[in-house]
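Trainee: Right, I'll just put the structure down here and ask away after.
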């Protein structure tokens, strides 16, 4: 059993072990489930992991079936149900014994939003002519990066189209105002308060993966000094083990930046059969550097629970049906497509009910020959 004391001991030994291959760490290993190593962390993760979006106090009993089938990684964030997902996971785990059967990952929700807010407060105090020039510069930067190109940028939920413009307004202000924002101690306070809240809601004393930020949109966000500094403090305290980030917007750029920085252990990124052409080289490069990759939004290229975005464009459904012919549901095919990438560790699946558990966990370990799209 790993405890906070065990995490502390692991931290002290980390420097000497860096040059060595990571020791594999197994949890809830069950026959019938396939597992892959999460980069240099050594964590052996089930190929299908549990997303936190549908986990609520009135919807969690089917997680017991997922446990029986060998799922061993629970993804969560304070933003999911305003903390209800974390509270529900705590109810499911029920104490240290079951907690040690799972790798737990949470996130600093709102971190990028804090950065944007600090810049926006400055922006609002500027003359209109200066605001206009900054906005034009932000638009130019975003266009040059190509983060919103069709076929690369997908609308995974209503409102996601605001992420990149907000991030690049901040980026456009960095030269003149970065000294007032990027080194702010507000980031440290924000990270610590987020973690303490998550620990309390889940009823655990540590997380295996701590994502900073949740939903990063611009590589510049990862340069904030307090990310590594505060994470390092929390790791020494035994409250976190490995540093990650999650990203939906411009995920290829975020994966490359995380890998280049060297201190990110894993990335959870939007990856699917639509944006795969842009994502595959970045994922391959990151994996070569020992960065673990977990795919999210794999199925949302083929199906969505958001009524505002239904129906999914017919060309996407037709595309996945060409890639993987047969009677399987398009969403299942989308997960299966992603799992054919050997540089990927796992896919996140929103397990809404027992049917989703049985269907999606059955995909682990399956190999298919992908057809031309």
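The values are calculated or read from the model by the stated rules, or taken from the named source; none is laboratory data. This is a predicted model, so every value here is computed, not measured. Every residue, glycine among them, receives a Cβ derived from its backbone with ideal geometry; neighbour counts consider all protein chains shown.
Trainee: Can we say residue 121 is in the same structural domain as residue 274 (by TED's automatic domain parsing), in a helix (DSSP H, G or I), surrounded by fewer than 15 Cβ atoms within 10 Å (Cβ to Cβ) and without any contact (Cβ under 8 Å) to a residue 12 or more places away in the chain?
Mentor: So residue 121 does not fit the description; no.
Trainee: What number of residues within segment 43-59 are surrounded by fewer than 17 Cβ atoms within 10 Å (Cβ to Cβ) and either more than 21 Å from the chain's Cα centre (by Cα) or not in a strand (DSSP E or B) (or both)?
Mentor: 3
Trainee: Does segment 47-69 hold any residues that are touching a helix residue (DSSP H, G or I) at 6+ places or on another chain (Cβ under 8 Å) and closer than 30 Å to residue 285 by Cβ, and which are they?
Mentor: Passing the criteria: 47, 48, 50, 52, 53.
Trainee: Can you pull out every residue in segment 81-98 that is more than 20 Å from residue 192 (Cβ to Cβ), out of contact with any helix residue (DSSP H, G or I) (no Cβ under 7 Å at 6 or more places or on another chain) and part of a helix (DSSP H, G or I)?
Mentor: Within segment 81-98, 81, 84, 85, 88, 91, 96, 97, 98 meet the criteria.
Trainee: Which condition does residue 112 not pass, out of (1) surrounded by 14 or more Cβ atoms within 10 Å (Cβ to Cβ); (2) under 22 Å from the mean Cα position of the chain (by Cα); (3) free of Cβ contacts under 8 Å to residues at least 12 places away in the same chain, if it passes all the others?
Mentor: Result: residue 112 fails condition (3) only.
Trainee: Which residue pairs have Cβ atoms under 8 Å apart, sit 6 or more places apart or on different chains, and have a first residue in segment 297-318 that is without any contact (Cβ under 8 Å) to a residue 24 or more places away in the chain and a second that is assigned to a loop (DSSP other than H, G, I, E, B)?
Mentor: 310/304; 312/302; 312/303; 312/304; 317/302
Trainee: Kindly provide the set of residues from segment 303-316 that are more than 13 Å from residue 157 (Cα to Cα) and either crowded, with 18+ Cβ neighbours inside 10 Å or modelled with pLDDT under 95 (or both), ordered by number.
Mentor: Once the filter is applied, which keeps residues that are more than 13 Å from residue 157 (Cα to Cα) and either crowded, with 18+ Cβ neighbours inside 10 Å or modelled with pLDDT under 95 (or both), segment 303-316 yields only 316.
Trainee: Still on this structure: Of everything in segment 95-108, what is farther than 24 Å from residue 35 by Cβ and either surrounded by fewer than 18 Cβ atoms within 10 Å (Cβ to Cβ) or not assigned by TED's automatic domain parsing to the domain that holds residue 204 (or both)? Give them in sequence order.
Mentor: 95
Trainee: If you don't mind, another one. Run down 195, 164, 169 and say which single residue is in contact (Cβ under 8 Å) with a residue 60 or more places away in the chain, not in a loop (DSSP other than H, G, I, E, B) and not assigned by TED's automatic domain parsing to the domain that holds residue 101.
Mentor: Testing whether each residue is in contact (Cβ under 8 Å) with a residue 60 or more places away in the chain, not in a loop (DSSP other than H, G, I, E, B) and not assigned by TED's automatic domain parsing to the domain that holds residue 101 leaves just 164.
Trainee: Turning to a different aspect of this structure: Is segment 228-240 home to any residue that is over 26 Å from residue 119 (Cα atoms), in contact (Cβ under 8 Å) with a residue 40 or more places away in the chain and either part of a strand (DSSP E or B) or not assigned by TED's automatic domain parsing to the domain that holds residue 52 (or both)?
Mentor: Taking every residue of segment 228-240 in turn, at least one turns out to be over 26 Å from residue 119 (Cα atoms), in contact (Cβ under 8 Å) with a residue 40 or more places away in the chain and either part of a strand (DSSP E or B) or not assigned by TED's automatic domain parsing to the domain that holds residue 52 (or both).
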